[in-house]
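A.B. asks: Just passing along the structure, written as structure tokens.
The values are calculated or read from the model by the stated rules, or taken from the named source; none is laboratory data. Please read all numbers here as calculations on a predicted model, not as lab measurements. Here the Cβ is made from the backbone with ideal geometry for all residues, glycine too, and neighbour counts use every protein chain on show. To get the accessible areas, we keep the full protein, side chains included, count just its heavy atoms, and leave off ligands, DNA and RNA. Shrake-Rupley method; radii C 1.70, N 1.55, O 1.52, S 1.80 Å.
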Amino acid sequence: MSSQELLRIIYNRRSVRKYERRPVPDDVLRAILEAGRQAPSARNLQPYCFIVVRDPELKKKLVFSEWNRFIEEAPIVIVGCGDSRAKWAIVDVVIALQNMVIAAEALGLGTCWIGHFTEDEAKRALKIPEHMKVVAMITLGYPAERPKPRPKKSLEELVRYDTYE
Ligand SMILES: Cc1cc2nc3c(=O)[nH]c(=O)nc-3n(C[C@H](O)[C@H](O)[C@H](O)COP(=O)(O)O)c2cc1C
């Protein structure tokens with residue numbers, strides 16, 4: 001793959017909230033999880049666990065608002081959990097999940113980050129132990145929509161050189 005193609009994957013990614021019913025083949029899922037496994041983590045502690053949720057009843061329990069109802073339609077939800085005893089666990093989980101998001105895009109799948117959930121209830125539903133924090137989730141599946149690009153701030157707004165001023 002050329003560097004141009006890699007950039008195109010990053011630039012073209014959109015949050016996908018409509019999915020085909022088509023299941024995600026195991027080897028495709030594995031390649032996406034592998035992208036998470038290869039992520040950097042502070043002191044290489046890898047203080048995380050990724051729960052692949054496919055069971056429709058469990059997915060239902062991860063819906064905490066009407067606007068996130070689409071979670072039920074996504075073939076897979078990956079729940080990123082970080083060991084709260086590790087200082088950088090949250091950052092580590094986020095990096096690994098974003099690696100999965102980019103890998104999914106490269107393989108023709110869509111994803112959406114899910115930050116709206118009630119942690120205690122999600123933990124109870126998925127039997128997640130006390131010391132593991134639910135950091136975020138991503139939905140995963142073949143896209144049934146091609147969302148328009150969302151407005152992004154300009155580089156001029158976002159970037160400063162050398163000092164903040
Ligand atoms: C940490 C985080 C949490 C998010 N939580 C939700 C969510 O609960 N539900 C949802 O529909 N989208 C969620 N999103 C997706 C954002 O709305 C989306 O990334 C943003 O509107 C920009 O659109 P784009 O991803 O297509 O560029 C979340 C994104 C991030 C990074």
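A.B. asks: Determine, from the Cβ-Cβ distance of GLU57 and ALA31 and an R0 of 22 Å, the FRET efficiency 1/(1 + (r/R0)^6), rounded to the nearest 0.05.
C.D. replies: Calculated value: 0.25.
A.B. asks: Could you run the Debye sum over the Cα atoms of the chain, one equal point scatterer each and no solvent, and tell me log10 of I(q)/I(0) at q = 0.11 Å⁻¹, two decimals?
C.D. replies: -0.48
A.B. asks: Figure the gain on full extension for ARG146 and GLN38 (residue separation times 0.36 nm, minus the Cα-Cα span) and round it to one decimal in nm.
C.D. replies: That pair, ARG146 and GLN38, stretches by 36.1 nm at full extension.
A.B. asks: What does the extension gain come out to for ARG14 and GLU156, with contour length at 0.36 nm per residue minus their alpha carbon separation?
C.D. replies: So the extension gain works out to 48.9 nm.
A.B. asks: Right, here's the next one. Scan the chain and note any complete DSSP helix (H) whose C-alpha atoms cover at least 15 Å along its axis and whose Kyte-Doolittle average is 0.5 or more.
C.D. replies: Helix filter hits for the chain: 89-106.
A.B. asks: With θ set to phi - 60°, apply the Karplus curve 6.51 cos²θ - 1.76 cosθ + 1.60 along region 83-88 and write out the HN-Hα couplings as whole Hz, x wherever there is a Gly or Pro.
C.D. replies: Result, ordered by residue: 6, 5, 7, 9, 3, 9 Hz.
A.B. asks: With all protein chains present, how much of the accessible area of region 20-143 (probe radius 1.4 Å) comes from carbon and sulfur, to the nearest whole percent? Don't skip to the answer; put the middle values down first.
C.D. replies: Numbers: 3420 of 6510 Å².
Answer for region 20-143: carbon and sulfur cover 53 percent of the accessible area.
A.B. asks: So what is the 222 nm mean residue ellipticity for the chain from helices alone, if each DSSP H run of at least 4 adds -39500 (n - 2.57) and you divide by all residues, rounding to the nearest 500 deg cm²/dmol? Write down the numbers at each step before the final one.
C.D. replies: Working: 6 runs with 57 residues, N = 165.
When only DSSP H runs of four or more count, the value is -10000 deg cm²/dmol.
A.B. asks: Express the accessible area of the chain per residue in Å², computed with a 1.4 Å probe while the remaining protein chains stay in the model. Can you show the working numbers first?
C.D. replies: Values: 10620 Å² over 165 residues.
Accessible surface, normalised per residue, equals 64 Å².
A.B. asks: If you filter region 72-165 for trypsin sites (Lys or Arg not before Pro), then keep DSSP loop positions with at most 16 other Cβ within 10 Å, what is left?
C.D. replies: ARG85, LYS87, LYS127, LYS152, LYS153, ARG160
A.B. asks: With label points built 7 Å along Cα→Cβ from the Cα atoms of HIS116 and ILE95, find their separation and express it in nm.
C.D. replies: Here the answer is 3.0 nm between the modelled labels.
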